[in-house]
Amino acid sequence: HNGITRPKGYRVSWHANPAVEPHHFGQSHPMKPWRLTLTKQLVMAYGMHYAMDLYLTRAATFEEMAEFHKEDYLEFLRQVVPADMEAPEQSDRIASYNIGDDCPIFDGLYNYCSLYAGGTIDAARKLVNNQSEIAINWSGGLHHAKKAEASGFCYVNDIVLGILQLLRHHPRVMYIDIDVHHGDGVEQAFWSTDRVLTVSFHKYDKDNFFPGTGALDSTGPAHPLNPGAHHAINVPLNDGIEDADYLQLFKEVVGSCVETYRPGAIVLQCGADSLGCDRLGCFNLNVTGHGSCVEYVKTFGIPLLVVGGGGYTPRNVSRAWAHETSILIDAADKIDPNIPETVAFRNHFGPDYSLFPPLSEMRRIENKNSKAYLASVVAAVKEQLRYMKG
Ligand code: ZLM
Ligand code: CA
Ligand code: ZN
C-alpha cells in the first residue's frame, strides 16, 4: 500500500465509532457530528490509518457514566424523547437538566452520549494498560457537561470519565483545553483535588461569551487547606489572538505547569473553535498554529489522551484534526498540503483544496491581546505555580 509507515515513535491508538456521526442536533444547530465523518475521510485519504491501532469503541455503560453523573440525570437522558419537549408534565425536569436550544433533545441522544463517552473511556484504559502511548478520540472533548446538567452542547462529560480512569493508575493527571470556550465542567469536577491540574485557554468576557467563567484569578478553592487550592489554571484571552502569540503563551504556561506538576498522564482537549473563521469562535489561529500546540504537548513523552471538542466550521475542524493526527503519528512531514483527489466530500475543501488555508487572513478579527497583557498572564500563572508547589 501507499500508506504511511511509522518506523519509530509512539504507539498511537484511534478510538471511534461511526454510529456517532449521523446524530443530528436539529436544523441550523452549530454542533455537527458529521464533522467527524469529514475528519475520518481526510485521515483515510492520507493513509494515516495504517500508522495507528484502530479500535471500534463500545457504548459506555450506565454504571460507567454514573462514576461522575447523577443516576437520575442519566435515567432522564436514557428515556427522554423529542416529543417530551412539548409535554407539560416533563417541563420541570427538562428545565432542571438545562435542556433547551443549546442542548436539545434529539433522536438517539443517549446512544450518542454513551458512544462518545465509551470512546474516551476506552482510550484512557488503553493508556493505563500500556497498550498505547497516545490515544485519540475526536468524538469526545465535551467539557461543559455537569454532574446532573447538560450545558453548551454537552450532555455527558467524557473527559471527566476518562480522567477518572487515568487516576486509577496515575497520582497526578494534567488537563489542557485549547477550545475557545472555558473548560468549566472539567474544572468544576476536579475543583477540590490536587490530583488533577486543569489548564484552559479561552476567550473570556464574563457577560458576553459563554460560559462566562474562567477568570485569571479563578485558581481553585479559596481555603488554603483545601487540596484543590491553586490547581485550576485559567488563561483568559480577548478576541483575535494569532498563532505566534498563542503558541508562545501556550509553551510558557504548559511548559511551566508540566515542570512543576510532573503529571503521569496528560489529557488534551483540541476544540477547533479556536481556529480563525470558526462560526462561533473569535480567535485567528491557523491549522498550523493549533497543531503546534499538539506537537508541543507530544514532546513531553507523557502518556497522552487526545480528544476533540468544539469546532463549528466542519471543513476546518476536519483539516485541523487530520493535521493533528499526522503530528501524533510523526507523519506531518509526509503529508501533501494539497488535499488528495481521492478524498470523499472533496468539494467541501474548495476552492483552495489545501490542508492549510490562510484562516487568519480570511476573516481577520482585530487582535485585542497586547503583548503586555499576555506577559502579565504568564507572570500570574508562574506566581500561581509557586503557591502550588507549597
Ligand atoms: N442561546 N440553533 C460551546 C457551547 C456554546 C447561551 C445564547 C441558544 C450558540 C448557538 C442553537 C438553531 C464547546 C450561549 C444562545 C440559541 C442561551 C452558544 C440552536 C446558534 C444556535 O442557531 C442555533 C435553532 C444555537 C446555539 C448559536 N450557543 C452559540 N453559542 C453558547 C454555547 C461548546 O465548543 O465549548 C464544546 C463542544 N450558549 O451563549 C445562550 C447564552 C441559548
Ligand atoms: Ca479552553
Ligand atoms: Zn468551544
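Quick look at the numbers
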quantity	calculated
Residues of segment 176-201 classified as of a type in the set (Phe, Trp, Tyr), away from ligand 3 (no atom under 13 Å from the Cβ) and touching a helix residue (DSSP H, G or I) at 6+ places or on another chain (Cβ under 9 Å), total	1
Members of segment 136-160 that are of a type in the set (Gly, Ala, Ser), assigned to a loop (DSSP other than H, G, I, E, B) and either in contact with a helix residue (DSSP H, G or I) (Cβ under 7 Å, 6 or more places away or on another chain) or within 15 Å of ligand 2 (Cβ to nearest atom) (or both)	Ser139, Gly140, Gly141, Ala145, Ala148, Gly152
Residue count, segment 362-381 (criterion: part of a helix (DSSP H, G or I), in contact (Cβ under 8 Å) with a residue 40 or more places away in the chain and farther than 24 Å from Val307 by Cβ)	7
The one condition in (1) crowded, with 20+ Cβ neighbours inside 10 Å; (2) within 16 Å of ligand 2 (Cβ to nearest atom) that Ala265 fails to fulfil	(2)
Tabulated pairs, segment 207-231, first touching a residue at least 60 places away in the same chain (Cβ under 8 Å), second of a type in the set (Val, Ile, Thr), C-beta under 6 angstrom, 6+ apart or interchain	His230/Thr219
Which numbered condition Val173 misses (of (1) away from ligand 2 (no atom under 16 Å from the Cβ); (2) touching a Ser or Thr at 6+ places or on another chain (Cβ under 8 Å); (3) of a type in the set (Val, Ile, Thr))	(2)
Per-region count, segment 84-105, residues exposed (fewer than 15 other Cβ atoms within 10 Å of the Cβ) and either among the β-branched types (Val, Ile, Thr) or within 19 Å of Lys32 (Cβ to Cβ) (or both)	2
Subset tally (residues that are of a type outside the set (Asp, Glu), more than 16 Å from ligand 1 (Cβ to nearest atom) and touching a residue at least 60 places away in the same chain (Cβ under 8 Å)) for segment 243-270	15
Meets criteria (closer than 21 Å to Trp321 by Cα and either surrounded by fewer than 19 Cβ atoms within 10 Å (Cβ to Cβ) or within 11 Å of ligand 1 (Cβ to nearest atom) (or both)) for Asp184	no
Residue list for segment 298-354, restricted to those being in a strand (DSSP E or B) and of a type in the set (A, V, I, L, M, F, W, C)	Leu304, Leu305, Val306, Val307
Residue in segment 114-129 that is away from ligand 3 (no atom under 16 Å from the Cβ) and of a type in the set (Asp, Glu) present	yes
Residue in segment 19-33 that is surrounded by fewer than 22 Cβ atoms within 10 Å (Cβ to Cβ), aromatic (Phe, Trp, Tyr) and touching a residue at least 40 places away in the same chain (Cβ under 8 Å) present	yes
Residue match in segment 226-245 (condition: under 24 Å from Ala145 (Cβ atoms), away from ligand 2 (no atom under 13 Å from the Cβ), assigned to a loop (DSSP other than H, G, I, E, B) and in contact with a Leu (Cβ under 8 Å, 6 or more places away or on another chain))	yes
Residue ID - farthest from Asp177 (Cα to Cα), chosen from residues in segment 287-307 that are touching a Gly at 6+ places or on another chain (Cβ under 8 Å) and buried (at least 24 other Cβ atoms within 10 Å of the Cβ)	Pro303
First in segment 271-300 and away from ligand 2 (no atom under 15 Å from the Cβ) and modelled with pLDDT of 95 or more, second anywhere and in a loop (DSSP other than H, G, I, E, B) and hydroxyl-bearing (Ser, Thr, Tyr), Cβ under 8 Å, 6 or more apart	Cys277/Thr313; Arg279/Tyr312; Arg279/Thr313; Lys298/Tyr10
Unique match (being in contact (Cβ under 8 Å) with a residue 40 or more places away in the chain and either within 16 Å of ligand 1 (Cβ to nearest atom) or aromatic (Phe, Trp, Tyr) (or both)) among Tyr55, Tyr110	Tyr55
So Leu249, is it within 13 Å of ligand 2 (Cβ to nearest atom), among the aliphatic types (A, V, I, L, M), closer than 19 Å to Leu328 by Cβ and within 20 Å of the chain's Cα centre (by Cα)	no
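Each row is one residue, and each column tells you yes or no for (1) in a loop (DSSP other than H, G, I, E, B); (2) surrounded by 24 or more Cβ atoms within 10 Å (Cβ to Cβ); (3) more than 16 Å from ligand 1 (Cβ to nearest atom).
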| position | (1), (2), (3) |
| --- | --- |
| Gly118 | no, yes, yes |
| Pro171 | yes, no, yes |
| Gln188 | no, no, no |
| Trp191 | yes, no, yes |
| Ala215 | yes, no, yes |
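The values are calculated or read from the model by the stated rules, or taken from the named source; none is laboratory data. Since the model is a prediction, treat every value here as computed from it, not as a measurement. Cβ sites come from the backbone with ideal geometry, for glycine too, and all protein chains shown count toward neighbours.
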